[in-house]
Amino acid sequence: MDELNQLQNIFSALDRDDRHSLLRYAQFLQIEGESDSPTEPPIEEPLDLPRPEEEHVVVAIKRLAKSYPMLNHDRLLRQSADLVGAHLVSGRPATEVIDELEEIFQVHYEKYRAERYG
């Protein structure tokens with residue numbers, strides 16, 4: 001199966017929100033590929049997706065990934081996974097874990113801006 005068919009199959013299997021995230025990520029990759037051009041894309045600001053009063057940790061990670069589409073989410077995966085584990089295995093309260101996740105994403109965003117724009 002070629003890559004385009006694989007991508008179409010994956011896209012078809014996703015729910016609406018995840019399809020939107022995949023599309024935004026593809027657009028991000030396209031912009032990154034164009035960064036060799038003389039015109040630099042504008043600084044991407046995080047999207048202001050509000051935090052619901054009651055939110056599950058995994059849903060919060062999805063919200064934060066959508067809020068920070070410019071970040072390399074692979075870098076955040078280990079820290080996020082450790083916090084999910086602390087919540088699920090150790091019983092750490094979701095609100096504390098989500099607070100820490102928000103801090104982690106913000107720190108990574110600040111590093112992103114510093115590396116990219118000085």
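The values are calculated or read from the model by the stated rules, or taken from the named source; none is laboratory data. Not measured: the values here are computed from a predicted model. So basically every Cβ, Gly included, is an ideal-geometry build from the backbone, and we count neighbours across all protein chains shown.
Does Ile98 satisfy being in contact (Cβ under 8 Å) with a residue 40 or more places away in the chain, part of a helix (DSSP H, G or I) and closer than 20 Å to Leu23 by Cα?
When the stated conditions are applied, Ile98 does not pass them.
With respect to the numbered conditions (1) within 19 Å of Asp17 (Cα to Cα); (2) part of a helix (DSSP H, G or I); (3) within 10 Å of the chain's Cα centre (by Cα), which one is the sole condition not fulfilled by Val59?
Just one mismatch for Val59, condition (3).
One residue is enough: does region 31-43 have a residue meeting the conditions modelled with pLDDT of 65 or more, among the aliphatic types (A, V, I, L, M) and within 27 Å of Glu103 (Cβ to Cβ)?
No, that holds for no residue.
Which one of these does Glu53 not meet: (1) in a helix (DSSP H, G or I); (2) at pLDDT 65 or above?
Every listed condition holds for Glu53 apart from (1).
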